[in-house]
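Engineer: Submitted below is the structure of interest, expressed as structure tokens.
The values are calculated or read from the model by the stated rules, or taken from the named source; none is laboratory data. Not measured: the values here are computed from a predicted model. Methodologically, a virtual Cβ is constructed for each residue, glycine included, from the backbone with ideal geometry; neighbour enumeration extends over all protein chains shown. Please note that ligands, DNA and RNA were not included when accessible areas were found on the heavy atoms of the full protein model with its side chains. Shrake-Rupley method; radii C 1.70, N 1.55, O 1.52, S 1.80 Å.
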Amino acid sequence: MTINLDTLRKIAENEPSHKWGKWTAEEDDWEGFVVFANDGLPGQSVVANGIRQGHDEGKATATHIATFDPPTVLALITELETFRRRLDAMRRQRDGYQNQLRKAEQQVARVQELREGQLCGHCADEVQDALEGELE
């Protein structure tokens, strides 16, 4: 399953009540369960009403809707994007370490080749150069 965070963000930001604060679920004698957006005004704005399905199911559905209000969704998206950036940075760092390891292994292999053969003055210089080589 692929989640398009840009689409989710646009939906959450365009929800008219997303600036009204946390949503709450309440039971209403006439409407069943109702989800309100606290708009800070003398009344509350109804987000969803008439949630019935039996008492426990209706309460669970209304609570679910209220829990995933737009400010909460926007905060979750922001957190997820932060973790993705950190993961990308860690992957780049891992790739750098793998390149360093590969170079070090090549140097070790070259030194072993030189040590196994007859070392003349020139070969000894190559061994010394290999031992002092940069590990980038």
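Engineer: Among what's in segment 1-34 and is at pLDDT below 75, open to solvent by 60 Å² or more (accessible area, probe 1.4 Å) and touching a strand residue (DSSP E or B) at 6+ places or on another chain (Cβ under 8 Å), pick the residue that is nearest to G54 (Cα to Cα).
Structural biologist: E31
Engineer: Of these, T78, T72, T82, which one is out of contact with any Asp or Glu (no Cβ under 9 Å at 6 or more places or on another chain) and surrounded by 14 or more Cβ atoms within 10 Å (Cβ to Cβ)?
Structural biologist: T72
Engineer: In segment 64-99, how many residues are aromatic (F, W, Y) and part of a helix (DSSP H, G or I)?
Structural biologist: 2
Engineer: Now, a different point. Could you grab me the full set of residues in segment 39-61 that are at pLDDT 75 or above and surrounded by 13 or more Cβ atoms within 10 Å (Cβ to Cβ)?
Structural biologist: S45, V46, V47, A48, N49, I51, G58, K59, A60, T61 - these are the residues of segment 39-61 that are at pLDDT 75 or above and surrounded by 13 or more Cβ atoms within 10 Å (Cβ to Cβ).
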